[in-house]
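Report on one structure; see the data block that follows.
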């Protein structure tokens, strides 16, 4: 597995688990859970997490950006205008160009607004950003995002924070076959088996926040997700046996007594 490297926009990572920094009780708990998870990328909601106001607790005091890569995202943005402004500020504040784009369509279900998302992706890629895009699981729209220069396609498994797991396995399988850039499940993971399933389907990584942060024991869940991603990836690379609706004996027929 040492040679099994995740590549996103020419950056290399050993871990295929991406972890969010929101919803924890405090920054100390967040930092410890991320450490246990082994994640090398953390998402940072610029509208919600303090990364610049030194008069308040700074995320950087708990999670060293020199050791773990920050992935600024646009959580809470409902228009292309707001998303673009947020990521341009991220570039000014910290020089970030690898970013996660998230343009929401409604406050209840938090589904992506795909027209605004596509428009934002086109603008950001022209400005030199490497854009990892939160999107729905529509193969046609995801291909348009990829053709627009997206650095990674990040379809939801289920609504953000729902913990429902992968709801549309058929579309995820189609996306796996057609997507040339990293395919990362983003939103809806609830338990370790969901992460295993995503990785066994050939997804390149999973992004998890609520399932870890809101677990009764975030540290134990972080460790569980770490090994779930590893297990699912190993299973995928191993090449599973083909399903068969008939039994197949495990012992040879020759030499029967």
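The values are calculated or read from the model by the stated rules, or taken from the named source; none is laboratory data. From a predicted model like this one, the values you see are computed outputs, not experimental measurements. All Cβ positions, glycine included, derive from the backbone under ideal geometry; neighbour counts span all protein chains shown.
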Tell me which residues, restricted to segment 1-21, are under 14 Å from the mean Cα position of the chain (by Cα) and surrounded by fewer than 23 Cβ atoms within 10 Å (Cβ to Cβ). 6, 7, 8, 13, 15
Segment 75-99 - residue that is in contact (Cβ under 8 Å) with a residue 40 or more places away in the chain and under 11 Å from residue 46 (Cβ atoms) and, of those, nearest to the chain's Cα centre (by Cα): 75
Being farther than 18 Å from residue 8 by Cβ, surrounded by 24 or more Cβ atoms within 10 Å (Cβ to Cβ) and modelled with pLDDT of 95 or more narrows 185, 212, 208 down to just 212
Of (1) touching a strand residue (DSSP E or B) at 6+ places or on another chain (Cβ under 8 Å); (2) more than 21 Å from residue 26 (Cβ to Cβ); (3) modelled with pLDDT of 95 or more, residue 196 satisfies all except one. Which? (1)
Only one of these is in a helix (DSSP H, G or I), within 17 Å of the chain's Cα centre (by Cα) and either at negative phi or without any contact (Cβ under 8 Å) to a residue 40 or more places away in the chain (or both): 166, 172. Name it. 172
